[in-house]
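Any read-out appearing in this document is the output of simple, stated calculations on the displayed coordinates, not a laboratory observation. These numbers come from a predicted model, not from an experiment. All Cβ positions, even for glycine, are placed from backbone atoms using ideal geometry, and neighbour counts span all protein chains on display.
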């Protein structure tokens with residue numbers, strides 16, 4: 001009987017509520033027209049079928065039902081908030097079927113039952129330093145529900161990764177955190193550290209870390225494994241750009257050992273055999289050994305290929321790599337200047353001069369003209385081919401240069417001295433001269449007289 005009465009009461013209230021809303025939506029004078037009631041499409045703000053109402057009820061509340069004409073917003077507030085369980089706060093009214101929270105602006109399309117939801121208060125303290133006075137952020141989260149998109153953005157702190165953490169705990173607070181009690185979240189900080197991995201040529205590794213404490217600069221680099229005649233350094237992957245002490249980084253990084261040669265070895269070869277070995281610093285001029293001596297040959301220099309081919313290296317050359325250099329020689333030739341007697345035998349005392357040259361050289365000096373009694377020196381002659389040998393003569397082989405003489409042609413001239421006394425001739429002396437043919441005409445001075453008589457005839461022919 002009591003249940004029937006309650007149902008009847010709800011129906012009467014619904015009718016009254018609907019009537020009230022209808023009258024509220026009618027414009028003034030809508031019912032005054034000669035005592036007749038007039039309705040039109042413009043008179044009422046609800047649609048066709050406005051006689052239908054939607055019933056909105058609140059679980060646990062007997063006198064808080066709302067009746068809304070179909071197609072209209074709810075328009076009125078929900079009933080008085082029911083008391084929350086101890087330690088919780090009222091969150092709002094929630095309709096499970098429609099999956100919506102109660103709002104006066106919501107337009108229902110069917111009867112709805114709202115259930116009171118309770119939860120907890122979560123306070124986020126954004127202050128990261130002592131003395132800061134930033135306002136806290138407070139949210140209410142339904143019990144046993146995740147914080148979700150209500151999670152505020154965590155403040156940034158240079159050099160640190162920041163996150164929310166429950167006060168006085170290490171429990172991180174995220175959007176997925178299930179709330180089972182009220183609590184305060186504070187800013188947690190974790191120092192950012194970057195790691196540099198140093199990889200040696202053999203694959204072994206060492207690491208160094210840096211943080212805001214170092215200004216993210218990497219100090220104390222490990223040593224690159226030493227290698228003979230080479231300088232090692234750390235380089236960025238795929239480059240030869242050096243990674244040095246104090247480099248500031250903003251991410252984890254791997255660097256590799258790289259070597260550049262600073263001491264070069266130069267091996268010197270003579271006729272296919274090892275002769276000497278020198279080391280030279282990178283960028284410095286080469287160090288040369290003493291010149292090799294080879295019988296019958298002249299040393300011409302050091303070359304990158306045998307037989308004088310390739311590039312020649314001199315004391316001014318710069319070394320940029322390990323090298324093997326080969327000695328190059330030019331065979332020596334000797335020109336001996338000799339004097340022979342009438343029988344063709346070498347007069348050793350007059351044949352001491354010689355010069356050693358290389359093929360293609362020119363003779364620049366000659367010995368003094370030799371003297372042989374009764375002869376006059378004319379020139380030097382290549383005994384092999386008969387060429388005249390003089391300064392500028394090009395030497396292509398060893399040979400003897402033989403002195404060529406001319407026979408001296410002399411004439412005996414007898415001069416008789418006399419004077420005349422009357423018709424008598426008085427002889428008072430005579431003189432004999434040996435004169436070379438080349439000396440004619442030859443002047444003779446008569447003793448006791450100041451004039452000379454030129455003898456122009458070839459006496460003795």
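Could you work out the equivalent-ellipsoid semi-axes for region 269-326, taking the square root of 5 times each eigenvalue of the Cα gyration tensor, largest first, in whole Å?
Ellipsoid semi-axes (Å, largest first): 20, 12, 11.
For region 106-166, calculate the relative contact order in percent as a whole number, restricting contacts to Cα pairs under 8 Å that are 6 or more residues apart. Please list the in-between numbers first.
Values: 51 pairs, mean separation 16.9, N = 61.
Relative contact order here is 28 percent.
Return the Rg/Rh ratio of region 185-285 with Cα-based radii and a Kirkwood Rh. Provide the component values of the computation, followed by the final result.
Details: Rg = 20.6 Å, Rh = 16.5 Å.
My calculation puts Rg/Rh at 1.25.
Could you compute the FRET efficiency for residue 276 and residue 388, with r as their C-beta to C-beta distance and R0 at 35 Å, rounded to 0.05? All intermediate terms of the calculation are to be shown ahead of the outcome.
Details: r = 44 Å, r/R0 = 1.26.
Calculated transfer efficiency: 0.20.
Beyond 23 Å, how much of the Cα-Cα pair distribution for region 192-349 remains, as a whole percent?
Numbers: 7547 of 12403 pairs.
That fraction is 61 percent.
What are the radius of gyration and Dmax of region 120-191, computed over its Cα atoms and given in Å?
Cα only, region 120-191: 11.9, 36 Å (Rg, Dmax).
Say R0 is 51 Å: what FRET efficiency, to the nearest 0.05, do residue 320 and residue 397 get from their beta-carbon distance? Could the numbers behind the result be given before it?
Details: r = 41 Å, r/R0 = 0.80.
Once rounded, the FRET efficiency stands at 0.80.
Between residue 123 and residue 347, what is 0.36 nm times their sequence separation minus the Cα-Cα distance? Round to one decimal in nm.
On the way: separation 224, 0.36 × 224 = 80.64 nm, distance 12.78 nm.
Extra length available between residue 123 and residue 347 comes to 67.9 nm.
Antiparallel DSSP bridges in region 144-256: what percent, to the nearest 5?
Antiparallel: roughly 85 percent of the beta bridges in region 144-256.
When N counts the residues of region 91-132, how does its alpha-carbon radius of gyration compare numerically with 2.2 N^0.38 Å, as a ratio?
On the way: Rg = 17.5 Å, N = 42, 2.2 N^0.38 = 9.1 Å.
In units of the globular-protein estimate, region 91-132 measures up at 1.93.
Gain in length, residue 163 to residue 190, computed as 0.36 nm per residue apart minus the alpha-carbon separation, to one decimal in nm? Let's see the in-between values first.
Working: separation 27, 0.36 × 27 = 9.72 nm, distance 0.85 nm.
Contour length minus Cα-Cα distance gives 8.9 nm.
What does the convex hull of the alpha-carbon atoms of region 39-175 project to on average, in nm²?
Numbers: hull surface 52.4 nm².
Average of the hull's projected areas for region 39-175 equals 13.1 nm².
Just how many % of Cα pairs in region 331-429 lie over 19 Å apart, if you round to the nearest whole percent?
Details: 2594 of 4851 pairs.
Tail of P(r) above 19 Å: 53 percent of Cα pairs.
Please tell me the relative contact order of region 291-408 in percent, rounded to the nearest whole number, where contacts are Cα pairs under 8 Å and at least six residues apart.
Values: 230 pairs, mean separation 27.2, N = 118.
Computed value for region 291-408: 23 percent relative contact order.
In what order do 274, 258 fall by count of nearby beta-carbon atoms within 10 Å, going from fewest to most?
With the fewest neighbours first, 274, 258 line up as 274, 258.
Using Cα centres only, tell me the gap between region 223-243 and region 320-340 in whole Å.
Their Cα centres are 45 Å away from one another.
With a point put 7 Å past each Cα toward its Cβ, work out how far residue 252 is from residue 408 in nm, to one decimal.
About 10.9 nm separates the two model spin labels.
Determine the principal axes of the Cα atoms in region 353-405, then give the extent along each, sorted from largest to smallest and rounded to whole angstroms.
Result for region 353-405: principal-axis Cα extents of 37, 20, 15 Å.
Tell me, what is the FRET efficiency for residue 269 and residue 211 to the nearest 0.05, using R0 = 56 angstrom and their Cβ-Cβ distance as r? Intermediate values should be presented prior to the final figure.
Numbers: r = 58 Å, r/R0 = 1.03.
Result of the calculation: an efficiency of 0.45.
Using the eigenvalues of the Cα gyration tensor, what equivalent ellipsoid semi-axes result for region 258-382 when each is taken as the square root of five times the eigenvalue, whole Å, largest first?
So the equivalent ellipsoid measures 48, 13, 11 Å along its semi-axes.
May I ask for the distance between the Cα centers of region 115-154 and region 305-319, given as a whole number of Å?
82
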